[in-house]
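Visitor: Below are the structure tokens for one structure; questions will follow.
The values are calculated or read from the model by the stated rules, or taken from the named source; none is laboratory data. This one's a predicted model, so the numbers in the text were calculated from it and none came from an experiment. Glycine also receives a Cβ, built like all others from the backbone with ideal geometry; neighbour counts cover every protein chain displayed. Note: areas computed on protein heavy atoms with side chains; ligands, DNA, RNA excluded. Shrake-Rupley method; radii C 1.70, N 1.55, O 1.52, S 1.80 Å.
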Amino acid sequence: MDLEGRPLTLLVNPSAGLGRAREILPTIEAELDKRRIPFRVEKTKNEQHAIDEAVRAAEAGEIPVVVSGDGLIGAIGGALSEGPVPMGIIPGGRGNDLARVLGISPDPIEAIASLLDGQVRSIDVGDANGQRFLCIASFGFDSDANRIANQTRFIRGRLVYAYAALRALAFWHPARFRLAAGGKQSMITGYTVAVANSKAYGGGMFVAPDAELDDGLFDVIVIGVVGKFQFLRNFPKVFKGTHVDDEEVRTFRTPSIQVDADRPFAVYADGEHITDLPATIRIIPRALRVIVPRDPS
């Protein structure tokens, strides 16, 4: 991307990825200095501080670049959506699923190259009860697994999500979900409902392998009733996206959906608790500009 002399504002979450963002910051600073790119660093204190600094940077004509995981990327992306300034990403979390789907390398040097030499892509943004997200909003079994993953501090990288799923499975019992989309209502008993703007969550689980970030639609994935042993046997399929061929998995597309369940569930998106059921979830088409690697074609 031609930055046209516009400086970068690095929004660094020091605790992201159990300290990974903090660890890669010196490498990022050295590479930008080497390339003579003007920049400043804001170490974020909390989500609201990060959002405020991102908005301030955009208003000042700077490019906000998030050095963190999907949670902060989603929060800042939601705040910058429907605005003219693009957002940059240097992956610094444990899952880094949006970066994975966008083709942004987890290596900071390669990510900087994509940032400086890339192109701007407009992607859809999700909204759940007024809270915006970029990847996948899900609940049910996923509510328990996300909570466990966020509480786990001794596992770095994507393994934390597999660990959390196994822990959640031990105490899980099926829930009954109520869905309303496209003028139709349905009741489904099972594990999880995932309302997907993107393909992946949980550190590389391709729960919605056919989802596209800019088609104006969610891919809704519903995992119905299946025994725990069979669920465990099928679990590795989600890393390739082949689980959608299983008979207990239902998929459909919609720009909006209303969801509820027979017991309380937190709705997680981008790895964070963003709201609770019941929820109305809608798509905002191509609302966010993101700097991505240049298409070689």
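Visitor: Just give me a number: lysine pairs in the chain, eight or more positions apart or cross-chain, with C-alpha atoms less than 25 Å apart. Each step should come with its number before you reach the end.
Guide: Numbers: 34/43; 184/199; 199/228; 199/237; 199/240; 228/237; 228/240.
The result is 7.
Visitor: Any idea what the relative contact order of the stretch 13-162 is, in percent, if you count C-alpha pairs under 8 Å spaced at least 6 apart?
Guide: This gives 23 percent for the stretch 13-162.
Visitor: Enter the accessible area of residue 273 (Å², nearest 10), with the probe set to 1.4 Å and all protein chains included.
Guide: About 100 Å², ignoring ligands and nucleic acids.
Visitor: On to the next question. Can you give the charge dipole size of the chain about its Cα centre, rounded to the nearest 20 debye, using +1 on the beta carbon of Lys and Arg and -1 on the beta carbon of Asp and Glu?
Guide: 720 debye
Visitor: If one takes the longest principal axis of the Cα atoms in the chain, at what angle in degrees, from 0 to 90 and to the nearest 10, does the Cα axis of helix 108-117 lie?
Guide: Once rounded, one gets 70 degrees.
Visitor: Return P(r) of the chain (all Cα-Cα pairs; 5 Å bins starting at 0; whole %; ordered from short to long distances).
Guide: Taking all Cα pairs of the chain, the binned fractions are 1, 6, 13, 17, 19, 16, 12, 8, 5, 2, 1, 0 percent.
Visitor: Per residue, how much accessible area does the stretch 1-135 show when a 1.4 Å probe rolls over the protein heavy atoms, in square angstrom? Present the calculation step by step, with values, prior to reporting the outcome.
Guide: Numbers: 5190 Å² over 135 residues.
That works out to 38 Å² per residue.
Visitor: For the chain, with a Gaussian network of springs between Cα atoms less than 10 Å apart, report the residue from 183, 77, 241 with the top mean-square fluctuation.
Guide: Comparing 183, 77, 241 in a Gaussian network model of the chain, the most mobile one is 183.
Visitor: Tell me the relative contact order for the chain as a rounded percent, counting alpha carbon contacts under 8 Å between residues six or more apart.
Guide: 22 percent
Visitor: Rounded to two decimals, what is the ratio between the C-alpha radius of gyration of the stretch 56-149 and 2.2 N^0.38 Å? Don't skip to the answer; put the middle values down first.
Guide: Values: Rg = 14.0 Å, N = 94, 2.2 N^0.38 = 12.4 Å.
So the Cα radius of gyration is 1.13 times the expected 2.2 N^0.38 Å.
Visitor: Moving on. Express the carbon and sulfur contribution to the solvent-accessible surface of the chain as a percent, rounded to the nearest whole number, probe 1.4 angstrom. Walk me through the numbers on the way to the answer.
Guide: Numbers: 6380 of 12850 Å².
Looking at the chain in its full context, I get 50 percent from C and S.
Visitor: What's the angle, to the nearest 10 degrees (0 to 90), between helix 141-151's Cα axis and the longest principal axis of the chain?
Guide: 40 degrees
Visitor: Follow-up question, since we're still on this one. Expressed in nm to one decimal, what extension gain is obtained for the pair residue 256 and residue 210 from 0.36 nm per residue of sequence separation less their Cα-Cα distance?
Guide: Contour length minus Cα-Cα distance gives 14.8 nm.
Visitor: Taking the chain as a Gaussian network, Cα atoms linked when under 10 Å apart, which of 27, 251, 192 shows the biggest mean-square fluctuation?
Guide: Per the Cα network of the chain with a 10 Å cutoff, 27 tops the list.
Visitor: What angle do you read, to the nearest 10 degrees and between 0 and 90, between the alpha-carbon axis of helix 70-80 and the longest principal axis of the chain?
Guide: Taking Cα atoms only, the helix is inclined about 70 degrees.
Visitor: When a/c is below 1.5 the answer is rounded, else prolate if a/b is larger than b/c, else oblate, so apply that to the stretch 180-297 with a ≥ b ≥ c taken from the square roots of the Cα gyration tensor eigenvalues.
Guide: oblate
Visitor: Is the shape of the stretch 33-107 rounded, prolate or oblate, going by the alpha carbon gyration tensor and its root eigenvalues a ≥ b ≥ c, with a/c under 1.5 for rounded and a/b larger than b/c for prolate? Display every interim value, and only then the final one.
Guide: Working: a/c = 1.45, a/b = 1.13, b/c = 1.29.
In terms of gyration-tensor shape, rounded.
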